[in-house]
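A quick write-up on the structure given underneath.
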Amino acid sequence: MFLELQQIKKHFGEGDSRVDVLNGIDLKLEKGEFCVMLGPSGSGKSTLLNIVGGIDRASEGSILIAGERTEQMNDKQLTQYRRNHLGYVFQMYNLIPNLTVQENIEVGAYLSDKPLPLEDLMKTLGLYEHRKKLPNQLSGGQQQRCAIGRAIVKNPDILLCDEPTGALDYKTSKEILKLIETVNQKYGNTVLMVTHNDAIRLMADRMLRLRDGMIREDVRNTAKITAEELEW
Amino acid sequence: MKKKNPLRKRILREISGDKGKYLVIFILMIATISFISGYLVADGSMIAAYNESFTKYNVEDGHFITEEPLEKSARKRIEKEGVTLYNLPYVEKKSGNNFKVRIFAMRDKVNRACLMNGNFPQNADEIAIDRMFADNNHLEVGDSIKLDEKNYRISGYVALSDYSALFENSNDSMFDAIKFGVGVVDEKTFKTLTKKNKVYCYSWCWEKASANEKEENKRAEDLMKVINDQTELSDFVPRQQNQAIQFTGEDLGNDRAMMTVLFYIIMVIMAFVFALTTSNTIEKEAGVIGTLKASGFTNAELIGHYLVAPILVTLISALIGNILGYTLLKEVCVDMYYGSYSLPTYVTIWNGEAFILTTLVPILLMILINLIILSRKMRLSPLQFLRRELSRSKKKKAVSLSPGIPFFSRFRLRVLLQNRFHYAVLFLGILISYMLLLFGMMLPSIMDHYQNQIHENMFCKYQYLAKMPPSLSGEDFSVDKLLKYMRFSEGVETNNSSAEKFSAYTLETYKTDAMKEEILFYGIEPDSKYVPLKLTDEDVYVSSAYAEKFELEIGDTIRLKEKYEDTVYKFKVTGIWDYDTGLYVFMTRKHLNQTFDLGSDMFGGYFSDEKLMDLNEKYIGSILDEDALSKICRQLKVSMGELMYLVDGFAMLIFVVMIYLLSKTIIEKNAQSISMAKILGYSGTEIARLYILPTSIMVLLSMLVALPINTEAITVIWHTMLRQKMKGWLPVWLDTGVFVKMLILGIVAYGVVAIIELSKIKKVPMDLALKNVE
């Protein structure tokens, strides 16, 4: 098993103001698996993603990734863990405004000992022609592709995507989903994606539905379709 | 091979992308570093030139003046004391009432002259004069100068190695390079000048140097006795007591500590300004930093990245500053030294310490302060950055403001509270720049006040101080000595009814925190018509200047000693007389004569409202009139005038840069709110009232608060400086005009910045608020 979560619980505040966000999550993910997390706002899906990503800590429970336990890691070890294993894509692209497309991707490559070939990746991302442009010269979709490039260039074990299409239109969203699908297939990274878009479950290997901090539905997709075929 | 962080590529783009900010930072840092570097290099080079001058120009170990030329036998006897004697006679010539020039023949063995410009005199009627004296009196090489009805052509400028400070007499409290100068003529011309009023001056050099100052004093004392036996001495000045030689050496390098501290303060403030602007950038880039941290960038990598710009800017400023310091600013600082002292030519000396001080120290300060602030900031978690929760304290509650306060005022108060740290740094910047400005502007005020005080405090128009020839000192009573004494007594008697005798005695301060200083004791008549003090024979009054400088109060005991002896006197202060322009002790003449065992008839000079024409000039040590007492003001105005303008300009530069950078940062920080206010329909004027007015209020408040704080601080600094580094006392006096000028300058400078900021507000795009909404 590549990623294993056991009884993950998370709460904010204490006493009367205590809010339980995650109430005991158990989850196992295989290497290369594409998993989509769905659920209403406040269901705990982003919190769970952040805990897996090592940028938030669980109140209880344990996480095992590629044989490493994260709950006992200090901040430095967590940073190293993120560096070695994770790639992050957010709804906001958060690109560095005064670096070109290529340089923004190089920022991700810097973190890895064995980064993916830059030119090949940029071609895969459809950004090769735009590599010398600054982010403000790109469309929203191109910027998100660049953000994915920055996350994927270090060839992470897991690609964590938090609403990667949340700020994009239908056509651009589909392009981004196709890209994530390609990356998953080409480089074999495990993908854990948080989304509000129910249709995306159809292109994933697995769908988790969260409500009130618990996994209410865990479905393996036997009739997987391509991103190209998706419609919503 | 270690990979290079691609973030480094941002640095230059970041700098070129915010040209305005970095330009003013560069200007201020380069100006500061170049000035300090120039000052330190000039200081070091001038000190070296001064120290070298002793051997290079063979400066005397002392000189004495005799009534008559030395006989050959006397000369031989004196030289048996292990000295080589050199004839250095001179004459003094006046140019109307303007100035006096002491003229020597060209010197080739001792106290040699350094040619600064033009040529040494080679022809009859040519003279080479002191460079600084020439500058002060606007005399050029080639000009004609009329001295005692005779015209001379100025062949060149010189610096005489025994007159690096133009003291006419070694007892003067300050030199006067405006009204007193020195010059050299060729041997032939000199002979024509010395038919009358020739002063027989002899310099001596020890054949073997003394081991220490004590031995030097002892040898000088013994030498004086031998000379006294051989001839009639009228003056005897060992080198340690010759202010014309020593004063410059004691003063050079004196401002070093103050300059260095000032430099550090400015660098610390600049480091804070940098840290603030970087903090602003971090807030602006919170999302990017959150993503980078989430991707695995370490704190060290990110802190290192944000440290590069301040280090780079400091490094470049230090390099350019040092280049300018070694070239342009060194010349400016050297000119300031040459404006005060008659120093010889110099060679620029590489000053490693100056380089370290102006390069390494600012970089270290920049790293340290930015590191502390950046480390605090970067300690936040990636999630906090992603959510833009950048306050370290958890969910701070908003300060409650009464709804009764009008909306605009409440809004402004929020802006003030939100930017309180910026305003604290702004206040610090204004405090420092105002301190400098006050320092630059107060000197003329102090000088003018002092000049007025001299006029008001003068208890008579002329004070004649008698000078007893050194040959009359000692306890042996030969017939020859008695005759000389009688001649002296006759020479100092006057029939002028305006004259009133007083006794005088000089002691030296003893074991105080301040530098050693001579205190003049006046013994006055109980019913003196000049000094309005009703003294009993037990009273010891001190002047208010003395009391202030040495922090004395009535009832305190003062301890003073004989200058070259160990005898210590104690006096209990019974009163303080309001007299600001001299360090004096007043007692009755009888009391003074008894205290110092002078004999009841002894007196030291006269107070008079009229010139005393019947005194023998030979026995007049000095005449103190308003002109003589104003010497210190005159010289300080000339020596420090240029520096003060420089300080004023520099202070205004810091002032403008601080306000510009910090108000810019505040506007940038609020750019999104400004953008949103525009969308909501607020007009430009209304937005300016919200965002510029709080800064205007803070600037004005800072200026008003800084004034009294600085007045107190500068008084302490000025008095400490006077106590430790200067003789005499110049009380701090600040005209209301100084404060008004400072406020006007501050308001005008801020006005310029406010206009720039107003245009910045206008340029904030409306879509900014929409773009960054998550």
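The values are calculated or read from the model by the stated rules, or taken from the named source; none is laboratory data. None of these values were measured; they are calculated from a predicted model. Every residue, glycine among them, receives a Cβ derived from its backbone with ideal geometry; neighbour counts consider all protein chains shown.
Per-structure values
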{"read-out": "B:I558 aliphatic (A, V, I, L, M) and modelled with pLDDT of 90 or more", "value": "yes"}
{"read-out": "Any hit, segment A:205-219, residues being more than 14 Å from every other protein chain (Cβ to nearest Cβ), at pLDDT 90 or above, touching a Cys at 6+ places or on another chain (Cβ under 6 Å) and surrounded by 15 or more Cβ atoms within 10 Å (Cβ to Cβ)", "value": "yes"}
{"read-out": "Residue check, B:M698 at pLDDT 85 or above, surrounded by 14 or more Cβ atoms within 10 Å (Cβ to Cβ), under 22 Å from the mean Cα position of the chain (by Cα) and more than 30 Å from B:Y584 (Cα to Cα)", "value": "no"}
{"read-out": "Checking B:L612 against (1) modelled with pLDDT of 80 or more; (2) more than 30 Å from B:F99 (Cβ to Cβ), the condition it does not meet", "value": "(2)"}
{"read-out": "Selection within segment A:114-173 - within 14 Å of another protein chain (Cβ to nearest Cβ), among the small types (G, A, S) and buried (at least 21 other Cβ atoms within 10 Å of the Cβ)", "value": "A:A147, A:G149, A:A151"}
{"read-out": "Scan of segment A:59-95 for residues that are within 11 Å of another protein chain (Cβ to nearest Cβ), surrounded by fewer than 23 Cβ atoms within 10 Å (Cβ to Cβ) and among the hydroxyl-bearing types (S, T, Y), ordered by number", "value": "A:Y81"}
{"read-out": "Residue check for B:E389: of a type in the set (D, E, K, R) and within 14 Å of another protein chain (Cβ to nearest Cβ)", "value": "yes"}
{"read-out": "The one condition in (1) buried (at least 20 other Cβ atoms within 10 Å of the Cβ); (2) among the hydrophobic types (A, V, I, L, M, F, W, C); (3) not assigned by TED's automatic domain parsing to the domain that holds B:A105 that B:I154 fails to fulfil", "value": "(3)"}
{"read-out": "Conditions (1) touching a residue at least 60 places away in the same chain (Cβ under 8 Å); (2) part of a helix (DSSP H, G or I); number of the one not met by A:C161", "value": "(2)"}
{"read-out": "Subset tally (residues that are within 30 Å of B:A165 (Cβ to Cβ) and hydrophobic (A, V, I, L, M, F, W, C)) for segment B:312-354", "value": "12"}
{"read-out": "Number of the exception - A:K9 against (1) surrounded by 14 or more Cβ atoms within 10 Å (Cβ to Cβ); (2) under 29 Å from A:T182 (Cβ atoms); (3) among the charged types (D, E, K, R)", "value": "(2)"}
{"read-out": "Yes/no for B:G96 being surrounded by fewer than 18 Cβ atoms within 10 Å (Cβ to Cβ) and not β-branched (V, I, T)", "value": "yes"}
{"read-out": "Test: residue in segment B:157-174 that is over 22 Å from the mean Cα position of the chain (by Cα), in a loop (DSSP other than H, G, I, E, B) and at pLDDT 90 or above", "value": "yes"}
{"read-out": "Elements of type helices (runs of 4 or more DSSP H) contained in segment B:3-118, each with 1 or more residues being at pLDDT 90 or above and more than 14 Å from chain A (Cβ to nearest Cβ)", "value": "B:19-56, B:72-79"}
{"read-out": "Test: residue in segment B:725-739 that is of a type in the set (D, E, K, R), touching a residue at least 24 places away in the same chain (Cβ under 8 Å) and in a helix (DSSP H, G or I)", "value": "yes"}
{"read-out": "Output for segment B:345-361, where each listed residue is over 24 Å from the mean Cα position of the chain (by Cα) and surrounded by 19 or more Cβ atoms within 10 Å (Cβ to Cβ)", "value": "B:T359"}
{"read-out": "Checking A:G32 against (1) under 21 Å from A:D212 (Cβ atoms); (2) more than 14 Å from every other protein chain (Cβ to nearest Cβ), the condition it does not meet", "value": "(1)"}
{"read-out": "Single condition A:A109 does not satisfy, out of (1) of a type outside the set (V, I, T); (2) within 14 Å of chain B (Cβ to nearest Cβ); (3) in contact with a helix residue (DSSP H, G or I) (Cβ under 6 Å, 6 or more places away or on another chain)", "value": "(3)"}
{"read-out": "Listing of helices (runs of 4 or more DSSP H) fully contained in segment B:537-637 that carry 1 or more residues being basic (K, R) and surrounded by 14 or more Cβ atoms within 10 Å (Cβ to Cβ)", "value": "B:544-549, B:589-595"}
